[in-house]
Amino acid sequence: MKKLVCDRCGVELTDKDDIDIACEGQAVWEATARARGAEARGIIPCTHFIRCGGEMVLVVDSKIAQCWQRLKRTARR
Ligand SMILES: [Zn+2]
């Protein structure tokens with residue numbers, strides 16, 4: 001199961017449609033972050049971004065997440 005979690009305040013977005021929409025907006029957010037001279041940490045800004053300044057990062061539950069972490073580590077070598 002995939003969900004979006006804010007890396008600051010921890011608010012969660014678990015609705016599949018919301019996640020799909022967020023992923024479609026990822027490129028826009030990355031461009032926005034780059035324009036500010038920063039690197040986007042997440043896919044989209046948190047719904048409470050003004051208060052918490054956090055970004056929504058994609059979290060995949062359980063075993064899929066572990067596999068993905070391993071893949072990422074392998075790819076970095
Ligand atoms: Zn937040």
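Read the figures in this text as sums done on the coordinates, not as results from a lab. For clarity, every value in this text was computed on a predicted model and none was experimentally measured. Here the Cβ positions follow ideal geometry from the backbone for every residue, glycine too, while neighbour counts run over all protein chains shown.
For region 24-57, the tally of residues that are touching a helix residue (DSSP H, G or I) at 6+ places or on another chain (Cβ under 8 Å) and surrounded by 15 or more Cβ atoms within 10 Å (Cβ to Cβ) stands at 8. Of the residues making up region 5-23, those that are surrounded by 12 or more Cβ atoms within 10 Å (Cβ to Cβ) and more than 13 Å from residue 58 (Cα to Cα) number 2.
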